[in-house]
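Note sheet for the following structure.
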Amino acid sequence: MLAQSSPAATADCTTVQQSALDLPFEAFDQAETGWRRWAAYGCEREVAALIVAYRDLHTDELDTSQLSLLDWHAGQLYAAAGDYGIAIERMMLAKEATSELAELEYINATIAFLRSDREALLAARQRMAAIPEPAAFGRAADRYVATYNLPRPVWPLNLEVVDGMISCFGWSYKKAYECRQEAQP
């Protein structure tokens, strides 16, 4: 997930800490102790480079899904910074390691948005919405709510992000990603 920007906060993006490279994967990628704390201050390009450095440094100790997630997050941050070419390259790496259909269509939709291909974006959204909910999704969603005390995820995951990209088509990725709150299915 792309970190939301904090309009009141400012940061010197040169302070993005290389010490984060020593963190275990979960602390680096899934917690505020890692890259997310700097992304929240608008340092998307620098944080994307930090994620790529982390991935390169830890390639031998991470599994395919972790490497894919790092590529995806770096791609999102490069896209938020307006570097669509590099973003697409990173997202394509994530796509190569992904076999889950809804995730593949989310990646396809995002890449279509970055390429300004509305027809491909709409087609990916349609395919994504048609994927049946896995039997175990309900139980996993309940565990998510119990563990994180956050709203219950809705299947397919990230459909609201794709709807935001459709609603805000032609805008920057950063704005369209935030558009999901206003999107109508």
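Observations, loosely collected:
- Net charge of the neighbourhood of Y78, taken over other residues with C-beta under 12 Å away and scored Lys/Arg +1, Asp/Glu -1, is -2.
- Measuring nothing but how far apart in sequence close Cα pairs (under 8 Å, 6+ apart) lie, relative to its length, region 50-118 scores a relative contact order of 27 percent.
- Unit charges at the beta carbon, dipole of the chain: most positive-side option, Y106, M92, A130: A130
- The GNM of the chain, with springs linking C-alpha atoms under 10 angstrom apart, assigns the highest mean-square fluctuation among Q76, Q17, Q66 to Q17.
- The distance from the alpha carbon centre of region 124-150 to that of region 87-108 is 18 Å, rounded to a whole number.
- Listed values (1) 29, 17, 16; (2) 25, 20, 17; (3) 150, 25, 11, entry calculated as semi-axes √(5λ) of the Cα gyration tensor in Å: (2)
- Within the chain: Cβ-based charge dipole about Cα centre, in debye rounded to nearest 20 (Lys, Arg +1; Asp, Glu -1): 560 debye
- Solvent-accessible surface of protein heavy atoms, probed at 1.4 angstrom with all chains present, puts T14, T64, T110 in the order T14, T64, T110, largest first.
- Over the chain, Cα pairs under 8 Å with separation of 6+ residues give a relative contact order of 15 percent.
- Estimated at the nearest 10 Å², the accessible area of L101 is 110 Å² with a 1.4 Å probe.
- Backbone geometry of region 119-135 corresponds, through the Karplus equation with coefficients 6.51, -1.76 and 1.60 at θ = phi - 60°, to 3J(HN,Hα) couplings of 4, 5, 4, 5, 5, 5, 4, 5, 5, 4, 5, 7, 6, x, 5, x, 4 Hz, x marking Gly and Pro.
- Shape category assigned to region 59-164 from the gyration tensor of Cα positions, a/c cut at 1.5: oblate
The values are calculated or read from the model by the stated rules, or taken from the named source; none is laboratory data. A quick note: this is a predicted structure, and the numbers were derived from the prediction, not measured. As a convention, Cβ positions derive from the backbone with ideal geometry for all residues, glycine included, and neighbour counts pool all protein chains shown. These area figures cover heavy atoms from the full protein model, side chains too; ligands, DNA and RNA do not enter into them. Shrake-Rupley method; radii C 1.70, N 1.55, O 1.52, S 1.80 Å.
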